[in-house]
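The values are calculated or read from the model by the stated rules, or taken from the named source; none is laboratory data. The structure presented is a predicted model; accordingly, all values stated were derived computationally and were not measured. Cβ placement follows ideal geometry from the backbone for every residue including glycine, while neighbour counts extend to all protein chains displayed. What goes into the accessible areas is simple: the full protein's heavy atoms, side chains included, and nothing from ligands, DNA or RNA. Shrake-Rupley method; radii C 1.70, N 1.55, O 1.52, S 1.80 Å.
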Amino acid sequence: MAKTVILGIESSCDDTSAAVIADGILLSNVIASQSVHEEFGGVVPELASRAHQQNIVPVVDTALRRAGICRHDLSAIAFTRGPGLLGSLLVGTSFAKGMATGLGIPLVDVNHLHGHVLSHFVRENPDDAVPEFPYLCLLVSGGNSQLIWVKSPVDMEILGRTIDDAAGEAFDKCAKVMGLPYPGGPHIDRLAAEGDSGRFRFSKPHIPGLDYSFSGLKTSFLYTVRDGMRQNPDFVEQNRADLAASLQRTIIDILLAKLSLAVERTGARQVAIGGGVSANSGVRQAVAQFCAERGIRAFIPERKFTTDNAAMVAMAGYFKFMAGDLCGLDAVPFARVGV
């Protein structure tokens, strides 16, 4: 039997997920997604928390069964404490506390962003390659865009972050302007493959240092669409692929400009990407090419570990548990915080 078995629980937004890691190896990762939000064009917090309440028991039960693990074999329970939607986080936090208390085992609170950063350590086979410390991580998601110097699993330094909107939000909001379904990011990715990325030019920020900004890009995109539709009501329909490709290209350019500066400043020889936007085909290809041209080792996560999932929470929890960093029953979830 494995020495250290961690159950991870993720409920920060609209995906209920549970995973089991034994001695650092992933045994199961179960995700229940919520389709109810699609008709509203975004996540409705109250609906999300209610769905978590319905999903969490069967999801945890399935994760344990698929892993071939009995609940009494667990060493600890790791749960996402934040950031995220408070109502959703409360469901996962409360369940983790109740289960840990019933089993008499420790709790480990996990920063959701740490989970994304450490997703590269989720291994299904012992021989899977993982980064060596320190490494540079570009974290890009719907709510965060950050450059992080990862010194160890429990020691991370934010080098730069968005001062307004995140890259994922720019994808989704601009997709909504084009009339695309929610979430818009995957639709932009699909359309971009068919379009001309040089057809339209959008505003790029001039922010000093390593911080990001995407609000100006969103405004520039909105004005382009508005002005185009004034002259031609079918402007979006006729130019959808080119708009998507040009938007994606601009976001990638913004991300890589700061990544290049961060590599220069840190001397990083390893670069990893994480977060929901790291599933984007253009971003993945651009980062891989960026690293190849500089002789830097790139770590591009499997797509199943880019979105919110409990495998990354269990992995981050495993590291904290091994370091003796536990939490008490008085731990409360939080909506916003950096790494």
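Evaluate the range 97-112: report whether one residue or more is on the phi < 0 side of the Ramachandran plot, open to solvent by less than 20 Å² (accessible area, probe 1.4 Å) and part of a helix (DSSP H, G or I). So far as the range 97-112 goes, yes, one or more of its residues are on the phi < 0 side of the Ramachandran plot, open to solvent by less than 20 Å² (accessible area, probe 1.4 Å) and part of a helix (DSSP H, G or I). In the range 190-201, the residues that are at negative phi form Cβ pairs under 8 Å with partners that are open to solvent by 50 Å² or more (accessible area, probe 1.4 Å), at six or more places apart or across chains, as follows: LEU191/ARG240; ALA192/ARG249; GLY195/ARG240; SER197/ARG249; GLY198/ARG249.
Out of the range 62-92, which residues are farther than 26 Å from PHE334 by Cα, open to solvent by 30 Å² or more (accessible area, probe 1.4 Å) and either among the aromatic types (Phe, Trp, Tyr) or outside any loop (DSSP other than H, G, I, E, B) (or both)?
Within the range 62-92, ARG65, ARG66, ARG71, HIS72, ASP73 meet the criteria.
In the range 185-204, which residue that is closer than 19 Å to ARG226 by Cα and in contact with a Phe, Trp or Tyr (Cβ under 7 Å, 6 or more places away or on another chain) is surrounded by the fewest Cβ atoms within 10 Å (Cβ to Cβ)? Only one residue tops the list, namely PHE202.
Is the range 214-226 home to any residue that is buried (at least 21 other Cβ atoms within 10 Å of the Cβ), within 19 Å of SER141 (Cα to Cα) and within 20 Å of the chain's Cα centre (by Cα)? The answer is yes; a qualifying residue exists.
For the range 128-151, the criterion of being open to solvent by 30 Å² or more (accessible area, probe 1.4 Å), part of a strand (DSSP E or B) and not aliphatic (A, V, I, L, M) is met by at least one residue.
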